[in-house]
Amino acid sequence: MNLISAPMAAITHSAFRRLLACFKEPDEYFSEMIHAPSAISGGGFEKWYFRANPSPEKLIWQITSPEEEAAASCVPILLQYGGLGIDLNMGCCAPQIVNSGAGFAWMKKPILQTASLVRNIKKAVLMYDEQKSGPQTEPIRFSVKLRLGETEDYERLLSFCKMLVCEGVDLITLHPRTQKQKYSRPCKHEYTARLSSDLPIPVYGNGDINSLEVLEKNAAQYPCAGWMIGRAAVQKPWIFYELAKEYLKNGTAAEIEEKIEIDLLKTAELFLNFLQEDQPQEFYLTRAQRFFAFFCDNFSFAHHIKSRILNCKNLDDMLLNLKAYFEEVPEDRLIMV
Ligand SMILES: Cc1cc2nc3c(=O)[nH]c(=O)nc-3n(C[C@H](O)[C@H](O)[C@H](O)COP(=O)(O)O)c2cc1C
């Protein structure tokens, strides 16, 4: 069973992936979603999205696109930097994305239109594969990440996914919530297990996995090929280390025994350093704010420190505020996992 780091816009860039790797890498990393029309037009910031580190061989590029031509053209542009696969975003329900015709909009468009998009991306993936050199290289995987649909209609979801399989999709990730369902209610992994047993391709489950206990419960009850973790990995970038005991493919006996001490201040500092190495200056503040919105949930006075961090004007200021927090609340700084 694979454990996967979920795609999250403005969070799962290479700086964040490097932070995960300091503790324990997941089996796969999904990039933040990459807007295909912008990627092909080569705007000034695009090169930052194309960073494949720390482990290009574990990276899946996620694309989002309102139209098929841009989506297909984006495939070789991304794969030239490495990566084990291409993922198409059909799950994002943010109104600005859906209204533009991207993300979840592809689950609502006429089925033939969506089939044509998928077929063309698959064609681009196969073409890239053919031109790649080296006999031992694995074929590039093409996956789709989606939600349940507009309503909880399993038969409709299954027939949509069968279309995806017919058009050459190799793997599906299901975040089992409908378009309108927010995070406050638990997602329904019974659909993940049903889809996994009804489809001939691997299915990953995604949603609400935030500890070993929750993972074990879901894995036992809802079998599928892997579990993707989003928000919990931002709050606890060491989560793949915690889960390594039972589930990471490459876990060793030594790791199973070992407890490690996590220093939250040093972890924050490390992230800010990676951010400055791997992102353009224009992104520093927004990316740091996104990260700390989750990371600060480790702190006893999360609300208080979050509002301080959100008001900071630069990264140095953020770090000063974090240091001041740990001076006030030193018992929050170290945790054992
Ligand atoms: C801040 C944020 C950004 C996200 N960006 C993306 C994205 O770019 N692509 C995508 O497919 N899903 C995106 N998602 C959804 C997550 O990948 C995931 O499906 C969702 O958070 C549920 O998983 P979790 O409970 O493990 O967080 C995002 C979620 C959050 C909270």
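Key figures for this structure:
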quantity	calculated
Cα principal axis extents for the range 1-46, largest first, Å	36, 21, 12
The chain - share of DSSP beta bridges that are antiparallel (%, nearest 5)	10
Cleavage-rule hits (trypsin sites (Lys or Arg not before Pro)) in the range 260-319: DSSP loop, at most 15 neighbouring Cβ within 10 angstrom	Lys313
All lysines inside 19 Å of Lys313 as judged from Cα atoms, apart from same-chain residues fewer than 8 positions distant	Lys323
Using θ = phi - 60° and Karplus 6.51 cos²θ - 1.76 cosθ + 1.60, couplings along the range 12-20 (whole Hz; Gly, Pro as x)	8, 7, 5, 5, 5, 4, 5, 5, 4
Kirkwood hydrodynamic radius of the range 261-336, Cα pairs, Å	12.5
Residue-count net charge about Ala293 - beta-carbon cut-off 13 Å; Lys, Arg +1, Asp, Glu -1	+4
Qualifying chymotrypsin sites (Phe, Trp or Tyr not before Pro) in the range 20-86, DSSP loop, other Cβ atoms within 10 Å at most 13	Phe45
Rounded percent of accessible protein surface that carbon and sulfur make up, the range 287-337, 1.4 Å probe	53
Vicinal HN-Hα couplings computed from phi for the range 83-100 (Karplus, 6.51 cos²θ - 1.76 cosθ + 1.60; Hz; Gly/Pro x)	x, 9, x, 10, 10, 9, 7, 10, x, 5, 9, 4, x, 5, 6, 5, 5, 7
Reachable aspartates and glutamates, given that their alpha-carbon falls under 20 Å from the alpha-carbon of Lys180 and they are not under 8 places away in the same chain	Glu150, Glu152, Asp153, Glu155, Glu190, Asp208
Karplus-derived 3J(HN,Hα), 6.51/-1.76/1.60, for each residue of the range 324-329, Hz, glycine and proline x	4, 4, 6, 5, 6, 10
Directionally averaged projected area (convex hull, Cα atoms, the chain), nm²	17.2
Under 23 Å from Lys122, Cα to Cα: lysines that are on another chain or at least 8 residues apart	Lys58, Lys108, Lys109, Lys132, Lys145, Lys162
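The values are calculated or read from the model by the stated rules, or taken from the named source; none is laboratory data. For clarity, every value in this text was computed on a predicted model and none was experimentally measured. All Cβ positions, glycine included, derive from the backbone under ideal geometry; neighbour counts span all protein chains shown. Accessible surface is based on the protein model in full, side chains and every heavy atom, while ligands, DNA and RNA are left aside. Shrake-Rupley method; radii C 1.70, N 1.55, O 1.52, S 1.80 Å.
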